[in-house]
Amino acid sequence: MAVAKNVKSKVLSTVRSSILMSAILWFLSAIVVLHSHTIGHIWYNSETGRRLGLDTGAQPRSLLLTQAVSVSWSSPMVSPRFLACAGGQAFAANAYQVFRVPVSGGVAVPEPCTGFVGAKETILDVTADCDANGCWPLVLLGGRSAGQVLDCASGQRQDVMQDPLPATKLTLIFGEHHRHELLGGSALAVTAAGSVVEFERAPGGGWRPLWEVVNDKGAELCALGAEDGHVVFFRGGGSVELVNATDGQLAGNWSVGTRIAAGCALGGGAVLTMPEGRAPGFLLARLSDAYA
């Protein structure tokens, strides 16, 4: 009888210990989840009606849910480094060539770029413009043509930077019918010093700088986009940052979970990123999903 009581006592003690440990683990898990949710997302201020960014110096903690988009390339050796999106089309480029592919995926078709002289100049970035008939790429040039933008449809060249430090990244801001107006200009460019400058089309041709939107001090900036009053920064480490164009404050900071070569804003809170490497597919994500 004494032995049975001893066994029963040990069993009850083990059960109580297990319950206590389970409760402690559940409590710690709840703290971790709450901490991750709080840092990785952005808070909403009911008094001002604005979403407020949190720690601007912190690394991205919230992993975006991404959808893989399959892309078929003409060669497994293609290694695109730049990306632009407009009108349901994506324009991917390396230093010498531009490809067109639907943002929903499919075959990447080489896109003619009138006036591009690969022996004397290289492509530093690609953006896109549209009219009632469709969209086409524009490329930011390096080499002997540093500081110029080449319209691949017309072959027209325009100067984009009246500055000793030429532009290294470029994105167009579409007009009101695209709902992508920023602060009144037509384009954003990043200088070699990291200054993000807004431009407008000059009456005599070319691009005239208006003002600095924000000075980027982050690492591995590989692309930027414009999204309804915000600038979207894409970084090689896989982070996507949303910065308010009016006050320069960080509004959101996420990660796609892999290194990327480039990215672009699709509008409506959606972004398209392109992983590093040869013959990559795309990753589609919605920043609005991260607000939930």
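The values are calculated or read from the model by the stated rules, or taken from the named source; none is laboratory data. Treat the numbers as computed from the prediction; the structure is a model and nothing was measured. Neighbour counts run over all protein chains shown; Cβ positions are idealised from the backbone, glycine included.
Checking the structure you have, find out if any residue of the stretch 270-287 is at pLDDT below 90, surrounded by 15 or more Cβ atoms within 10 Å (Cβ to Cβ), in the same structural domain as residue 104 (by TED's automatic domain parsing) and among the small types (Gly, Ala, Ser). No, the conditions are met nowhere in the stretch 270-287. When 70, 145 are checked against the criterion of being at pLDDT below 90 and in the same structural domain as residue 187 (by TED's automatic domain parsing), a single residue qualifies: 145. For the stretch 74-156, the strands (runs of 3 or more DSSP E) that sit wholly inside it and include 2 or more residues that are buried (at least 19 other Cβ atoms within 10 Å of the Cβ) are 82-86, 89-93, 98-102, 121-131, 134-143, 148-151. Pairs linking a residue in the stretch 258-282 that is among the aromatic types (Phe, Trp, Tyr) to a residue that is part of a strand (DSSP E or B) and at pLDDT 95 or above, with Cβ atoms under 6 Å and 6 or more positions apart or on different chains, are 282/69; 282/272; 282/274. The residues listed here are 260, 173; of these, the one that is closer than 24 Å to residue 90 by Cβ, touching a Ser or Thr at 6+ places or on another chain (Cβ under 8 Å) and at pLDDT 85 or above is 260. Output the number of residues of the stretch 204-223 satisfying the condition of being outside any strand (DSSP E or B) and under 26 Å from residue 276 (Cβ atoms). Final tally of qualifying residues: 5.
Yes/no matrix, rows are residues, columns are (1) out of contact with any Cys (no Cβ under 9 Å at 6 or more places or on another chain); (2) over 16 Å from residue 283 (Cα atoms):
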| site | (1), (2) |
| --- | --- |
| 67 | yes, no |
| 75 | yes, yes |
| 82 | no, no |
| 109 | yes, yes |
| 125 | yes, yes |
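Listed here are the residues, each with its yes/no results for (1) within 14 Å of the chain's Cα centre (by Cα); (2) within 21 Å of residue 82 (Cα to Cα); (3) buried (at least 19 other Cβ atoms within 10 Å of the Cβ); (4) touching a residue at least 60 places away in the same chain (Cβ under 8 Å).
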site	(1), (2), (3), (4)
211	no, no, no, no
214	no, no, yes, no
218	yes, yes, no, no
224	yes, yes, yes, no
229	no, no, no, no
234	yes, yes, yes, no
239	yes, yes, yes, yes
249	no, no, no, yes
252	yes, no, yes, yes
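Report yes if residue 85 is of a type in the set (A, V, I, L, M, F, W, C) and under 16 Å from the mean Cα position of the chain (by Cα), otherwise no. Yes, satisfied.
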